[in-house]
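Read the structure below first, then the notes.
Coordinate-derived values only; no laboratory data. Small disclaimer: the values here were computed from a predicted structure and weren't measured. For neighbour counting, all protein chains shown are included, and Cβ atoms are generated from backbone atoms with ideal geometry for every residue, glycine included.
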């Protein structure tokens, strides 16, 4: 089978060749668009990323296409209805980094709980005193997890390894997971009042915009820590600054900032120079990042070699399953993009 891959980076080629060695693969660094449609017209299986705009007009130029695999979770760049009318199966990568983001969440938690970031900044000034660097144990502390999807549940698994108590909030509680992992669902208000550390694992949408705001922050236990590895817009930045100034929050760990919400896919950072430059300027100008009790990483919670390889592995799995007549991870009309 001849398979075409668009928007491919150099390191991805040998990985895909090794996984699909029985097939003839062609690689293109360009996105698949109307301008590059001729490159794909002879292929029945095509894989793309988010900058390939698969429109109704483009599909008319791809008469042999039977399977379209996007190497992303979201699929807003694909006209799903048009694909259905042309008899084209569309597959995506629904999950690839739940453990990766969960591990990064705890990297941020530990950096604050043991004053690692503050200590590092102090040593840069040739100050090796330990005054003000006393940390605290995670054992016995209460972790509040807002959002118990794949990432949130993995965070809870790790928390249990630290012997932490866990409270959770989700509009769709997973009662089976709660029983197996030993955590408790409570109201948002209870979670905010009782948690020593609060970590956010919700998607960004109109319902979660500024989920953490002046009102919800007032409910938090004084001296709590807030971690955000979801999306910047989930937290009201002005309210966050006020909470740090007033001492309601003792520390904050951020992998995202409000204002970078144009980034819909984490891998977009690897491809889109304009977005990367915007993020760089946002970081440079952000008042939060001058504080030694704020730990920031530039949207890299997803970014591990293993996570990137899982994206490719799922892509390969989608192709093989289709060729065997049993498609997996198929996207259907009216399905919500995440």
CD proxy at 222 nm, helix term only [per DSSP H run n ≥ 4: -39500 (n - 2.57); per residue of the chain; nearest 500]: -10000 deg cm²/dmol
Sites residue 29 and residue 81 - FRET efficiency at Förster radius 30 Å, r taken between beta-carbons, to 0.05: 0.55
For the range 9-23 and the range 38-94, distance of Cα centres in Å: 20
Residue-span extension gain [residue 181 to residue 304] - 0.36 nm each, minus C-alpha spacing: 41.7 nm
Rounded tilt (10° steps) of 150-161 against the dominant C-alpha axis of the chain: 40
Cut-off 17 Å (backbone N to label point 7 Å along Cα→Cβ of residue 15), residues of the range 302-333: 302-320
Ranked list, fewest to most other Cβ atoms within 10 Å of each Cβ, for 125, 71, 114: 125, 114, 71
Degrees, to the nearest 10: 305-323 long Cα axis against longest axis of the chain: 30
Largest to smallest principal axis extent of the C-alpha atoms in the chain, angstrom: 67, 47, 35
Rounded FRET efficiency, nearest 0.05, which uses the C-beta distance separating residue 103 from residue 1 and R0 of 35 Å: 0.45
Sorted by Cβ density within 10 Å, fewest first, the residues 83, 91: 83, 91
Nearest-0.05 FRET efficiency for residue 130 and residue 66, computed from C-beta distance (R0 56 Å): 0.30
Bins of 5 Å, starting at 0 and running to the largest distance - Cα pair percent for the range 98-196: 3, 13, 21, 21, 16, 10, 8, 5, 3, 1, 0
Helix 237-246 axis, angle to the chain major axis (alpha carbon atoms, nearest 10°): 20
Length released on extending from residue 205 to residue 219, taking residue separation times 0.36 nm less the Cα-Cα span: 2.8 nm
Cα centroid separation, the range 197-242 to the range 96-127 (Å): 19
Exposure proxy order (Cβ contacts within 10 Å, fewest to most) of 221, 41: 41, 221
Approximate spin-label separation residue 172-residue 120, in nm, with each point projected 7 Å along Cα-to-Cβ: 3.7
Net length gained if the chain between residue 55 and residue 246 were fully extended (0.36 nm per residue, minus Cα distance): 63.6 nm
Spatial extent of the range 47-167: Rg and Dmax, with the Cα atoms as the point set, Å: 23.3, 70
Square roots of 5 times each gyration tensor eigenvalue, C-alpha, the range 98-296, largest first, Å: 25, 22, 16
